């Protein structure tokens, strides 16, 4: 299974949530996940990545935006944000854009072999309502909703990420 592929369980869970919505794929890479989202019935995908993805044929429902997160257009509150396997360094502008959308989906894995995301990203996660947490083996799917007034208790994925971040600062 490739990085942008969804497990059967993830597809079943995400299809009713995604259908008919505009989705922002933050860090879209080669558009593999964006294509998978189109198959789930999204209205449109805004695939944002700072690198030239080298994809010459972009499907009609995907709009590729080559820019850094800080310069990307702002999503609408009813859009859905997806962050898949984010790098573990500063990503200026990402959290500020994630704060706008009411629904956020994360795919990634923090274990003894891999590290996804950074402290600012996972601190943001803790200030959102946890709707779904599924460990799919190869990755973890977290669905987050509305903002909370105080941070909630972290999932195992979030705790692992934050522990890694604090260790790297020592």
Subset of the stretch 128-148 [out of contact with any strand residue (DSSP E or B) (no Cβ under 6 Å at 6 or more places or on another chain) and surrounded by 14 or more Cβ atoms within 10 Å (Cβ to Cβ)]: 130, 136, 140
Test: residue in the stretch 67-80 that is surrounded by fewer than 16 Cβ atoms within 10 Å (Cβ to Cβ), touching a residue at least 24 places away in the same chain (Cβ under 8 Å) and closer than 20 Å to residue 141 by Cβ: no
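Yes/no per residue for (1) modelled with pLDDT under 95; (2) assigned to a helix (DSSP H, G or I); (3) closer than 16 Å to residue 14 by Cα:
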{"position": "87", "(1), (2), (3)": "yes, no, no"}
{"position": "100", "(1), (2), (3)": "no, no, no"}
{"position": "114", "(1), (2), (3)": "yes, no, no"}
{"position": "121", "(1), (2), (3)": "no, yes, no"}
{"position": "137", "(1), (2), (3)": "yes, no, no"}
{"position": "145", "(1), (2), (3)": "no, no, yes"}
{"position": "149", "(1), (2), (3)": "no, no, no"}
{"position": "164", "(1), (2), (3)": "yes, yes, no"}
Residue match in the stretch 68-83 (condition: touching a strand residue (DSSP E or B) at 6+ places or on another chain (Cβ under 7 Å), over 30 Å from residue 163 (Cβ atoms) and not in a loop (DSSP other than H, G, I, E, B)): no
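The rows are residues; the columns are (1) surrounded by 19 or more Cβ atoms within 10 Å (Cβ to Cβ); (2) in a helix (DSSP H, G or I); (3) out of contact with any helix residue (DSSP H, G or I) (no Cβ under 7 Å at 6 or more places or on another chain); (4) modelled with pLDDT of 95 or more.
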{"residue": "10", "(1), (2), (3), (4)": "yes, yes, yes, no"}
{"residue": "16", "(1), (2), (3), (4)": "no, yes, yes, yes"}
{"residue": "20", "(1), (2), (3), (4)": "no, no, yes, yes"}
{"residue": "28", "(1), (2), (3), (4)": "yes, no, no, no"}
{"residue": "42", "(1), (2), (3), (4)": "yes, no, no, yes"}
{"residue": "47", "(1), (2), (3), (4)": "yes, no, no, yes"}
{"residue": "51", "(1), (2), (3), (4)": "no, no, yes, no"}
{"residue": "57", "(1), (2), (3), (4)": "no, no, yes, no"}
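Okay, residues lined up against (1) more than 15 Å from the chain's Cα centre (by Cα); (2) without any contact (Cβ under 8 Å) to a residue 12 or more places away in the chain; (3) farther than 28 Å from residue 137 by Cβ; (4) crowded, with 16+ Cβ neighbours inside 10 Å:
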residue: 60; (1), (2), (3), (4): yes, yes, yes, no
residue: 85; (1), (2), (3), (4): no, no, no, yes
residue: 88; (1), (2), (3), (4): no, no, no, yes
residue: 112; (1), (2), (3), (4): yes, yes, no, no
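Okay, residues lined up against (1) more than 19 Å from residue 7 (Cβ to Cβ); (2) in contact with a helix residue (DSSP H, G or I) (Cβ under 8 Å, 6 or more places away or on another chain):
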position: 94; (1), (2): yes, yes
position: 101; (1), (2): yes, no
position: 114; (1), (2): no, no
position: 135; (1), (2): no, yes
position: 149; (1), (2): yes, no
position: 157; (1), (2): no, no
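The values are calculated or read from the model by the stated rules, or taken from the named source; none is laboratory data. All figures in this text were calculated on a predicted structure; none of them were measured in a lab. Using ideal geometry, Cβ is built from the backbone for each residue, glycine included, and neighbour counts are taken over all protein chains shown.
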